Amino acid sequence: MVEKVELQGQVFALILRHELSVEGVNFFTTSDNPFQLGILQHRQGTEIKPHIHRDSTRTIKSVQEVLHIEYGKVEANFYNQRGEKIGSSILNTGDTILLMSGGHGFRILEEAKILEIKQGPYYGVKEDKKCLDVT
């Protein structure tokens, strides 16, 4: 299952639940999104031809990140630019979330191991993050 966290047409996050099953190559983001998220699910014997990725210059204006819950239980909270909470979702073992816009925070409900992937380089908290005064 794919869930969207959105408000008034703005997508804050996409959540891919661990039980999601698709066949072949499926991307869940639009081609103009700065971060692409998809699932490649193939039958035994499928071959993906050896390849390289061509160098390409891209301009990225917004940083997005993907979190994959290796194990545990995490509450994800979503905020607009003013720090107003617009929603929350519980993420479980095997779930993956793409954080696309707005603000977010997390509460670890059960011990968790989380894999994070985002555009780099990472310059540290002071350079890369602006904390919200949440309501």
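The values are calculated or read from the model by the stated rules, or taken from the named source; none is laboratory data. For clarity, every value in this text was computed on a predicted model and none was experimentally measured. For neighbour counting, all protein chains shown are included, and Cβ atoms are generated from backbone atoms with ideal geometry for every residue, glycine included. Protein only, heavy atoms only, side chains kept; ligands, DNA and RNA dropped before computing areas. Shrake-Rupley method; radii C 1.70, N 1.55, O 1.52, S 1.80 Å.
Ranked from the most accessible area to the least, with a 1.4 Å probe and all protein chains present, what is the order of D128, D32?
These residues rank, largest area first, as D32, D128.
Starting from the Cα-Cα distance between K85 and D55, subtract it from 0.36 nm times their residue separation and give me the gain in nm to one decimal.
Here the answer is 6.9 nm.
Just the accessible area for E19, please: 1.4 Å probe, Å², rounded to the nearest 10?
100 Å²
Given charges of +1 on the Cβ of Lys and Arg and -1 on the Cβ of Asp and Glu, with all other atoms neutral, how large is the dipole of the chain about its Cα centre, in debye to the nearest 20?
300 debye
Could you tell me the number of lysine pairs in the chain with C-alpha atoms less than 27 Å from each other, where the two lysines are 8 or more residues apart or belong to different chains?
Close lysine pairs found across the chain: 29.
Towards the positive end of the charge dipole of the chain, with charges on Cβ (+1 Lys, Arg; -1 Asp, Glu), say which of I69, T93, G105 has the farthest Cα.
Of the candidates, G105 comes out farthest on the positive side.
Starting from the residue with the highest accessible area, list H104, H53, H18 in decreasing order, probe 1.4 Å.
Highest to lowest solvent-accessible surface, that is H53, H18, H104.
Over the chain, what percent of the accessible surface lies on carbon and sulfur atoms, probe 1.4 Å?
Of all accessible area on the chain, carbon and sulfur atoms account for 49 percent.
Calculate, in nm to one decimal, what F27 and L40 gain on full extension: separation in residues at 0.36 nm each, minus their alpha carbon distance.
Stretched out fully, the F27 to L40 stretch lengthens by 3.8 nm.
Which is the longest stretch in the chain that no exposed loop site breaks, taking sites as chymotrypsin sites (Phe, Trp or Tyr not before Pro) with a DSSP loop state and at most 15 other Cβ atoms within 10 Å?
In the chain, the maximal stretch lacking such sites is 1-121.
Using a 1.4 angstrom probe, figure out how much accessible area the stretch 1-105 has per residue, in square angstrom, rounded to the nearest whole.
Per-residue accessible area for the stretch 1-105 comes out at 67 Å².
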